[in-house]
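Sharing a structure below in structure tokens format, with a few things to ask.
Just so it is clear, none of the values below were taken in a lab; they were calculated from the coordinates. Bear in mind that the values here come from a model prediction, so they are computed numbers and not experimental data. Note that we place each Cβ from the backbone using ideal geometry, even for glycine, and neighbour counts take in every protein chain shown.
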């Protein structure tokens, strides 16, 4: 099975190399690595180009935001399975994709997700929060819970059948896409019980009261658009449980 991994980036010369190296070091070799850059001006493009043809497909041009860039990458993908690795993130070791493919082959599912850990940007060995996806069920979308998206792999045919990211979402297009796939259309999935991705803290959806308000409003909207009843009180009820993720380090 061929795996397409997509990284989207804009002005992130500081960390893009870690993401690239974590993909290129994988033991599984049938990987198509696609990088979509938003016309960076900080040296990011030069770092990517230094890898030459080890990067399968690379485009650098202006876009309409993160999710538009992700959609570009998905449209370029030719793999049986598609995964998205953010430019601030990296796989925990070189065996991740090998394990992912094994699950797809053995479990005969259309998607997979696992656990991740948030780490300090200045100390990648220091876990700030453990994102446990083990208790996920599609009904939990109504309570603001989703599997860790940076660990999500899905067959390319599912994107072709049910659509890409909705670019009119500011923060929660990944949430909406997972609601659409896993709740509305009941795409089959398997939970891989281990950490496969490390994420640096400091992303758009993890900073500030305003960002969290926008995120929660978009979660309510995402559920409504996909036939799942919820409200703001249900969604914000997730926060006490999030504290457990801070405790589990």
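If you stretched the chain out fully between residue 137 and residue 94, how much longer would it get, using 0.36 nm times the residue separation minus the C-alpha to C-alpha distance?
That pair, residue 137 and residue 94, stretches by 12.6 nm at full extension.
If the chain between residue 161 and residue 229 were fully stretched, how many nm would it gain, using 0.36 nm times the residue separation less the Cα-Cα distance?
That works out to 22.1 nm of additional length.
Stick to the Cα atoms of region 111-174, pair each with every other, and give me the Kirkwood hydrodynamic radius in Å at one decimal.
With all distinct Cα pairs of region 111-174 included, I get 13.8 Å.
Multiplying the sequence separation of residue 194 and residue 238 by 0.36 nm and subtracting their Cα-Cα distance, what value in nm do you get? Before the final figure, lay out each step's value.
Values: separation 44, 0.36 × 44 = 15.84 nm, distance 2.19 nm.
That pair, residue 194 and residue 238, stretches by 13.7 nm at full extension.
Would you calculate, for the chain, the mean residue ellipticity at 222 nm contributed by helices, counting each DSSP H stretch of 4 or more residues as -39,500 (n - 2.57) and dividing by all residues, to the nearest 500?
Mean residue ellipticity, 222 nm, calculated: -9500 deg cm²/dmol.
Report the normalised scattering of region 6-119 as log10 I(q)/I(0) at q = 0.16 Å⁻¹, calculated by the Debye formula with identical scatterers on the alpha carbons.
-0.74
Also, quick follow-up: Per 5 Å bin, what percent of the C-alpha pairs of region 161-224 does each bin hold, from zero upward?
Values per bin, smallest distances first: 4, 15, 20, 20, 20, 16, 4, 0.
Let me ask something additional. Quick one: helix 66-76 against the long Cα principal axis of the chain, what's the angle to the nearest 10°, folded into 0 to 90?
Roughly 60 degrees between the two axes.
Given a Förster distance of 25 angstrom, what is the FRET efficiency for residue 56 paired with residue 126, based on the Cβ-Cβ distance and rounded to 0.05?
Efficiency computed from Cβ-Cβ geometry: 0.15.
Fewest Cβ neighbours within 10 Å first, please rank 122, 68, 168, 89 accordingly.
Fewest-to-most ranking of 122, 68, 168, 89: 122, 168, 68, 89.
Further, regarding this structure: Which FRET efficiency value, to the nearest 0.05, do you get for residue 28 and residue 212 by plugging their Cβ-Cβ distance into 1/(1 + (r/R0)^6) with R0 = 30 Å?
0.25
Using the C-alpha atoms of the chain, what convex hull volume per residue, in cubic angstrom, is computed?
118
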